[in-house]
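For reference, the structure discussed in these notes is given below.
None of the figures in this text is laboratory data; all of them are computed from the coordinates on show. Only a predicted model underlies this, so the values are computations on that prediction, with no experimental measurement involved. When we count neighbours, we look across all protein chains shown, and the Cβ atoms used for this are built from the backbone with ideal geometry, even at glycine.
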Amino acid sequence: MSSKLNFDFVSPMSSIFSGEVDGILIPAKEGDAEILPQHAPFMTALRIGVVEIKLTDSENLKFLIDGGFADIALDQVTLLAERSFDLVKSSKEDFDKIINDIAKDIEKSEDDREKEDLLIKKEILEANYS
Amino acid sequence: MANLKELRNRISSVSSTQKITKAMQMVAASKLRRAQENVETARPYSDKLGDILKNLSASFSGQDNAPELLAGNGNDKSHLLIIATSERGLCGGFNTSIVKLAKEHILQLKEEGKEVKLIIIGKKGKELLQRDFGQEIIDIYDFSEVKDLGFIEAEKVAENILSLFEEGKFDICRLYFAKFESVLSQVPVCQKLIPFDIESEVNEEKDIENICYEYEPDEEDILKELLPKNLSVQILRALLENVASEFGARLTAMDNATRNASDMIDDLTITYNRSRQASITSELIEIISGAEAL
């Protein structure tokens with residue numbers, strides 16, 4: 001019995017992460033879910049939120065995603081997301097830039113749902129801004 | 001025989017052309033490497049998406065409630081063809097071969113009495129198709145200002161296609177582009193986008209087929225989200241393949257041009273030397289016969 005998961009995190013333009021992990025927290029459409037080894041086959045749509053990759057007990061990676069898909073089967077997890085933003089490794093400038101961009105989009109946006117999505121994104125970014 | 005000055009000018013003009021083609025060849029080579037990397041990084045995403053879709057659509061086959069994007073709307077009267085070409089020329093037969101394939105299909109569809117609509121990506125495609133099929137073109141995308149073609153551009157095209165589909169403007173959608181096989185070979189291909197082509201997505205691995213999945217939300221909702229995404233991803237992939245193919249084609253074309261230019265320079269130099277020699281000889285003969293006459 002393996003105690004690790006094979007995890008692939010891909011976007012259309014690149015492969016963001018690929019390797020063995022202890023577990024993954026995903027923002028599934030109907031509530032956050034934690035995927036651990038030996039999880040039942042499961043496929044879900046994702047909403048805007050944070051994907052947390054647990055590499056070891058103390059080491060985590062965090063990504064903000066704009067929604068996407070997760071496919072979990074036999075200790076092989078594939079996560080597809082069009083846009084992602086690294087919440088751990090990004091520099092202050094990157095944070096400033098993306099928060100600014102979102103603030104501008106919020107002003108421009110006329111659609112209430114879109115606005116709400118952008119606000120959630122902004123909140124997550126600000127919470128992780130350090 | 002052409003006079004010497006003319007020949008000299010020809011040689012210098014050919015060699016400056018050669019310099020240009022050589023430079024273009026080198027630029028294409030370095031851009032090709034990046035484009036190739038882009039294609040390769042985009043492949044896992046579209047492959048995985050294809051796998052997921054394949055799994056999902058298997059559970060829908062033969063059912064009536066399958067989404068229209070997956071199964072089509074049951075008609076095949078109106079066809080939308082998306083033809084992806086390059087923005088710049090001087091890349092050999094790259095654009096013509098894509099357009100040729102598309103033209104064949106257009107004429108065939110017209111013969112069958114179907115309605116044809118065209119969306120063109122790229123300036124070159126517009127130039128090649130506007131004269132014959134200007135009436136059918138409903139939209140033209142010009143990405144010549146965009147430096148790196150990416151997901152944003154693909155999404156723009158996909159959104160347009162989706163809204164046209166929802167309005168019932170077409171029944172079947174196909175995409176034409178050149179698949180990048182190697183630097184030497186780029187194959188124009190036609191890919192069916194709507195309805196989703198299950199056959200072409202079948203991979204050799206079949207190990208994941210028998211897993212009983214849990215879906216959240218249910219299959220139908222997931223499909224509803226996945227199919228539009230798949231459309232953008234397929235278009236993105238086509239755009240990236242096209243970019244790589246364009247540079248590949250340009251590399252080969254410019255390599256040929258450079259070689260032709262150096263052949264031409266060799267020929268011209270020989271002619272130049274011969275005619276110079278001939279004029280020297282004739283001058284000498286004139287002097288000698290002049291001296292003899294005295």
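Of note:
- Share of alpha-carbon pairs per 10 Å distance bin for chain A, given as whole %: 12, 42, 32, 11, 2, 0
- Note on B:41-52: average number of Cβ atoms from other chains within 10 Å of each residue's Cβ is 5.
- The residue list A:Phe69, A:Val51, A:Ile16 was ranked by how far each Cα lies along the charge dipole of segment A:5-86 toward its positive end, using unit charges on Cβ atoms, and A:Phe69 comes out on top.
- Of all aspartates and glutamates in the structure, those lying under 12 Å Cα to Cα from B:Lys22, and not within fewer than 8 positions of it along the same chain, are B:Asp255.
- Computed over chain B: relative contact order in percent, which uses C-alpha pairs under 8 Å that are six or more apart: 33 percent
- Only the Cβ atoms of Lys and Arg (+1) and of Asp and Glu (-1) were treated as charged; on that basis the dipole of the protein assembly as shown about its Cα centre amounts to roughly 2660 debye.
- Counting, for every residue in A:73-81, the Cβ atoms of other protein chains within 10 Å of its Cβ and taking the mean gives 3.
- Coil-residue GluC sites (Glu not before Pro) of segment B:209-294, DSSP, other Cβ within 10 Å capped at 13: B:Glu209
- Charge dipole of chain B about the Cα centre (unit charges at C-beta), most positive-ward option of B:Ile121, B:Ile235, B:Val14: B:Val14
- Counts of other chain beta carbons within 10 angstrom of each beta carbon in peptide A:33-43 average 3.
- A convex hull fitted to the Cα coordinates of chain B yields 168 cubic angstrom per residue.
- Stokes-Einstein D for the protein assembly as shown, Kirkwood Rh over Cα pairs, 20 °C, 1.002 mPa s (µm²/s): 85 µm²/s
- Farthest toward the positive end of the dipole of the protein assembly as shown, out of B:Tyr272, B:Gly248, B:Ser30, is the Cα of B:Tyr272, where the dipole comes from beta carbon charges about the Cα centre.
- For the protein assembly as shown, DSSP calls about 65 percent of its internal beta bridges antiparallel.
- For B:Lys114, the aspartates and glutamates whose Cα falls under 16 Å of its own Cα, not counting residues fewer than eight places away in the same chain, are B:Asp76, B:Glu104, B:Glu136, B:Asp171.
- For B:Lys19, the lysines whose Cα falls under 23 Å of its own Cα, not counting residues fewer than eight places away in the same chain, are B:Lys5, B:Lys31.
- Where GluC sites (Glu not before Pro) fall in DSSP loop in segment A:54-93, at most 16 other Cβ within 10 Å: A:Glu59
- Sparse packing (at most 11 other Cβ atoms within 10 Å of the Cβ) combined with a DSSP loop state is found for none of the chymotrypsin sites (Phe, Trp or Tyr not before Pro) in segment A:69-123.
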